[in-house]
Amino acid sequence: MVKPEILEKFTSILGPERVKTTKEDLLTYSYDAFIAEYAPEAVIFPKTTPEVAEIMKIASANRVFVTPRGSGSGLSAAALAKEGGVMMCFTMMNRILEINTANRYAVVEPGVIISEFQKELDKFNLFYPPDPGSATVATMGGAVMMNAGGMRGVKYGVTRDYLLGLEIVLPSGAVMNTGGVNAKDVTGYDLTRLLCGSEGTLALATKIIVRLLPKPKTKRTLQAIYNRIDDAGNTVAKIIEAGIIPATLELMDNQIVKALEDFMHLGFPLDAEAVLLIDVDGEPETVEKQAVLIAEFCKSQGARDVRVSQSEKENEQIWVARRSAFGAVARLRPNCLVEDATVPVSKLTEAIKKVIEVSKRNRVQIAVVAHAGDGNLHPLVLFDQRDKEELKRVDKAIDEIVDYALSVGGTLSGEHGIGIAKSKYLTRQLSPTALEMMRAVKKTFDPQGILNPGSFLESAA
Amino acid sequence: MITPELKEEVYNCIKCGLCLTPCPVYKQLLFEGASPRGKVQLIKKILEGKLEATERFHQLLFTCLLCETCTVNCPSGLKVDRLMKAMRAEVLEKFGLPWQKKMLFHLLTGDRLLPFFLFWGRAFQTPVRKLLPKKGKVGTIPYAKFPPLNKKSLRDQYPEVIRVDKPKGRVLYFTGCATNYLFESTGRAVIDVLTRLGIEVIIPKGQMCCGLPVFLAGARQMALKNIQKNLELFNRDDVDAILVDCATCGAALKKEYAHILEEMGENTEAAEKLGKKVLDVSQYLAKFDLGKHLKPITGRVTYHDPCHLLRSQGVKEEPRALLKKIPGLQFVEMAGADVCCGGGGTFQWEHPDVSTGITGNKVKAIKDTGADLVASGCPGCRLQIFGNLGEEPVQVVHPVELVAKALN
């Protein structure tokens, strides 16, 4: 229980508007995009680093649990108050502090929305590539803490690859900087990268420094349409093998295509077994050449048709559709768990086959999307949470997908994180020694265990 | 009553959060309870019997513009706005209406609106208006920025049937309260343009307020008489269309009537029949070759999409096309033309801070275009935008007013 006098102290720091305790407010902070619900005991909204530091001093002095949260678009319950306590929501700490064109970096506060940051950079002809499906919702802070990946991973990598430095507040309330604005920096341990993907269990990020790229001059989006999903999978592996690097390489199966067409009416082919969405970007001449090359390549691998977008608006609509895939499958069933197992790309076709087989055998509806170029599968496991018997089959299906991925050298989670969604599988991938090391790291940062309690390390089987 | 289909809607929210950042209210407040996703969660808990409809819930339920941006952006097709509207009706009995709304709705649904207007219409032209404190506001709109009431109601300025020689068509005109009492210039423009095109215009006597402000506040029973009366007057087979110049009235007549009657367990046949024949005046005019009639006018115009026209009725291109047809008039698209102006009927008065933030963005977008005219087919948006433009030398008009000007 968070004592009333503690909440009063928080209120004296933040003001009553930024400390919410009504049952209604707490219920609206009990979820993310996973299926579990845990209501916090209070939600607080800091706007400055000193406020965060002040709060953490009080929290550590009184052993109050604090769970950080951004927009709540996570897929693994990483940012839910699983053990109660206070939820620290960063949505109101959302300024872009600096865009440095001379040295191509930017400094942002954690509550900045990724796509809004990208839009702002556009004005300077600069580019921040990480592009999770939820970029229009998710915050930079959330992206850092979850090491968010996304659609451009195949060419540009993930959040980690652009993170230069952080200002963090430790659970004790101490403020500290890691990394900096320099492109190269080997001074000491790379704590920046340790914090990236730490799921909010080590410290709170209050400033984020990211490196930027010049904006690619042009972009084309291709849709390759397949009668057989295997051919689509093989195309992906072949493209990567051939050394062609598209900016995005996404696969969607028939169920996704239908749901998206129902939502957006873009003329996706409803009878195709799979569609590949491929972006190429860069210098106009190169892009034109690559687009032709990839189109021919897809056809040689069995694509029945390849469509090339004709305008920026068309590109945009296709990607809005792709971003909506997770939401759109709610048209099929009320609940969805996004599996996130990732395999070496050469195993992609086999992995997709396996998912389809698991789906049929367990009588569980699974729609497949994938950041295919990364081997990052997103089987969307569809069900109705109210049907307990179905839930059991869902569990079993996910279990089998995880086992399969690990058996071919894959990983539990490519980009969504462990949270509580996958903590029970953690020991299947991480050795006791690795877990012990991680727990020691956690203890160093957070000796009292007050930050995001109940997270992956504690709930690991 | 919340229908079973509507109840099931709450299970289609997968909590992806794609409704958060497009929501103008959430963008200002940045906490989840202000977002569509948060509200759907609370409604779900209430429908499941796990939460009481509390004062805080009530407050959050009305921290919403009903701009329908969430509904059109929801990938799973959740009818968020219908759910919220139904819930507002559901909690009406428990929380009642604030006295100001009670008074307003009483006027809109009773037979005292005209006498009230006649009294205040005169009073406002006279020194009473000057007695108002200079810095006073209604919500975000300074008194001085309210237009004077029409000296005579529009419907009293015209006969019921406005005849033309050899009519090429015949329409019923639903004038709405705003045009009838406040913006006669819009009504005159609509009638001018239509009669110039050889259309016989009928303004049915006894038409009532569309009732939308009343039923969107949850007071469906109170609005029922308005709905039924309007259905009775406007469901006529001897006309080509029922024309509306106000986005809000159009939304009511085109679709809200049928929804509400259905949810109230009433017969929806008449409402559905009427809905199919209702057109925004810009839609109707799109059928005509206006080009040959129009003379050049000067000005630089930008267009604001009213929520009730764009999202409720799906009308986007027709008003723009009208403006672009006018020779001499420069059309320039503003950034975020489709974003709600922040008015939301009584919202701007109940949440002036939120409203100021949203309208501030709109005003900035307008200034950035360098336009001296904003066209928008909604009197609510018109009041809100003009009321927040400050000293900017920009006029806000109905698109048809510019067409009428170019016709003369």
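The values are calculated or read from the model by the stated rules, or taken from the named source; none is laboratory data. The structure displayed is predicted, hence computed values, not measured ones. Ideal geometry is used to build each Cβ from the backbone, glycine not excepted, and the neighbour counts take in all protein chains shown. Ligands, DNA and RNA are excluded from the accessible area calculation, which covers all protein heavy atoms including side chains. Shrake-Rupley method; radii C 1.70, N 1.55, O 1.52, S 1.80 Å.
Being open to solvent by 10 Å² or more (accessible area, probe 1.4 Å), under 18 Å from the mean Cα position of the chain (by Cα) and modelled with pLDDT of 95 or more, is that true of even one residue in the stretch A:77-85?
Yes, the stretch A:77-85 has at least one match.
Do we find that B:Thr195 is outside any loop (DSSP other than H, G, I, E, B), closer than 15 Å to B:Arg382 by Cα and modelled with pLDDT of 95 or more in this structure? Walk me through it before giving the result.
Details: outside any loop (DSSP other than H, G, I, E, B): yes; closer than 15 Å to B:Arg382 by Cα: no; modelled with pLDDT of 95 or more: yes.
No.
Within the stretch A:88-113, count every residue that is of a type outside the set (S, T, N, Q) and facing another protein chain (nearest Cβ under 10 Å). Write out each step before concluding.
If we filter the stretch A:88-113 for residues that are of a type outside the set (S, T, N, Q), which is where we start, we get A:88-90, A:92-93, A:95-99, A:102, A:104-113.
Narrowing the set further to residues that are facing another protein chain (nearest Cβ under 10 Å) leaves A:89-90, A:92-93, A:111, A:113.
Qualifying residue count, the stretch A:88-113: 6.
Could you list, in sequence order, the residues of the stretch A:137-158 that are basic (Lys, Arg) and touching a helix residue (DSSP H, G or I) at 6+ places or on another chain (Cβ under 9 Å)? Can you show your working first?
The first filter runs over the stretch A:137-158 and keeps only residues basic (Lys, Arg), leaving A:152, A:155.
The one that is basic (Lys, Arg) and touching a helix residue (DSSP H, G or I) at 6+ places or on another chain (Cβ under 9 Å): A:Lys155.
Rundown of residues vs (1) modelled with pLDDT of 95 or more; (2) open to solvent by 40 Å² or more (accessible area, probe 1.4 Å); (3) among the aromatic types (Phe, Trp, Tyr); (4) over 20 Å from A:Met145 (Cα atoms), yes/no style:
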{"residue": "A:Lys396", "(1), (2), (3), (4)": "yes, yes, no, yes"}
{"residue": "A:Ile401", "(1), (2), (3), (4)": "yes, no, no, yes"}
{"residue": "A:Tyr404", "(1), (2), (3), (4)": "yes, no, yes, yes"}
{"residue": "A:Ser407", "(1), (2), (3), (4)": "yes, yes, no, yes"}
{"residue": "A:Met437", "(1), (2), (3), (4)": "yes, yes, no, no"}
{"residue": "A:Thr444", "(1), (2), (3), (4)": "yes, yes, no, no"}
{"residue": "A:Pro453", "(1), (2), (3), (4)": "yes, no, no, no"}
{"residue": "A:Leu457", "(1), (2), (3), (4)": "no, no, no, no"}
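Which of the numbered conditions does B:Asp81 fail, given that it passes all the others? Conditions: (1) within 23 Å of A:Ala33 (Cβ to Cβ); (2) more than 10 Å from chain A (Cβ to nearest Cβ); (3) touching a residue at least 24 places away in the same chain (Cβ under 8 Å).
(3)
Quick one: would you say A:Pro46 is over 26 Å from B:Tyr11 (Cα atoms), in contact with a Leu (Cβ under 7 Å, 6 or more places away or on another chain) and of a type outside the set (Phe, Trp, Tyr)?
Numbers: over 26 Å from B:Tyr11 (Cα atoms): yes; in contact with a Leu (Cβ under 7 Å, 6 or more places away or on another chain): yes; of a type outside the set (Phe, Trp, Tyr): yes.
Against the criterion (over 26 Å from B:Tyr11 (Cα atoms), in contact with a Leu (Cβ under 7 Å, 6 or more places away or on another chain) and of a type outside the set (Phe, Trp, Tyr)), A:Pro46 qualifies.
Given A:Gly150, A:Gly111, A:Gly142, which one is closer than 20 Å to A:Asp25 by Cβ and either buried (at least 24 other Cβ atoms within 10 Å of the Cβ) or free of Cβ contacts under 8 Å to residues at least 24 places away in the same chain (or both)?
Numbers: A:Gly150 fails: closer than 20 Å to A:Asp25 by Cβ; A:Gly111 fails: either buried (at least 24 other Cβ atoms within 10 Å of the Cβ) or free of Cβ contacts under 8 Å to residues at least 24 places away in the same chain (or both).
After ruling out the rest, the residue left standing is A:Gly142.
Among the numbered criteria (1) in contact (Cβ under 8 Å) with a residue 40 or more places away in the chain; (2) closer than 27 Å to B:Gly218 by Cβ, which one does B:Ile326 miss?
Result: B:Ile326 passes all but (2).
Looking only at the stretch A:307-341, count every residue that is farther than 17 Å from A:Asp281 by Cα and open to solvent by less than 20 Å² (accessible area, probe 1.4 Å) and tell me the total.
Total satisfying the criteria: 13.
Can you tell me which residue within the stretch B:386-405, out of those that are closer than 19 Å to B:Phe146 by Cβ and touching a Gly at 6+ places or on another chain (Cβ under 8 Å), is surrounded by the fewest Cβ atoms within 10 Å (Cβ to Cβ)?
As a first pass, look at the stretch B:386-405 and keep what is closer than 19 Å to B:Phe146 by Cβ: B:386-398, B:401.
Subset that is touching a Gly at 6+ places or on another chain (Cβ under 8 Å): B:388, B:398.
Values: B:Asn388: 25, B:His398: 27.
Filtering first and then ranking leaves B:Asn388.
Please verify whether the stretch A:171-190 includes one or more residues that are crowded, with 20+ Cβ neighbours inside 10 Å, polar (S, T, N, Q) and either in contact (Cβ under 8 Å) with a residue 24 or more places away in the chain or outside any strand (DSSP E or B) (or both).
Within the stretch A:171-190, not a single residue is crowded, with 20+ Cβ neighbours inside 10 Å, polar (S, T, N, Q) and either in contact (Cβ under 8 Å) with a residue 24 or more places away in the chain or outside any strand (DSSP E or B) (or both).
I'd like to verify a number: residues in the stretch A:325-349 that are more than 14 Å from chain B (Cβ to nearest Cβ) and in a helix (DSSP H, G or I), how many? Before you say what the answer is, go through the steps one by one.
Narrowing the stretch A:325-349 to residues more than 14 Å from chain B (Cβ to nearest Cβ): A:339-349.
Now drop any that are not in a helix (DSSP H, G or I), which leaves A:345-349.
Here the count works out to 5.
Going by what's in this entry, would A:Gly133 be described as among the small types (Gly, Ala, Ser), at pLDDT below 95 and closer than 21 Å to B:Pro22 by Cβ?
Values: among the small types (Gly, Ala, Ser): yes; at pLDDT below 95: yes; closer than 21 Å to B:Pro22 by Cβ: yes.
Criteria met by A:Gly133.
Mind counting the residues in the stretch A:21-42 that are within 23 Å of the chain's Cα centre (by Cα) and either more than 7 Å from every other protein chain (Cβ to nearest Cβ) or closer than 15 Å to A:Gly141 by Cβ (or both)?
Adding up the residues that qualify gives 9.
Which of (1) within 14 Å of chain B (Cβ to nearest Cβ); (2) under 26 Å from A:Lys422 (Cβ atoms); (3) assigned to a loop (DSSP other than H, G, I, E, B); (4) not charged (D, E, K, R) does A:Gly150 not meet, given it meets every other one?
For A:Gly150, the exception is condition (1).
Looking only at the stretch B:1-39, how many residues end up being surrounded by fewer than 24 Cβ atoms within 10 Å (Cβ to Cβ), of a type in the set (Val, Ile, Thr) and closer than 24 Å to B:Val354 by Cα?
Matching residues across the stretch B:1-39 total 1.
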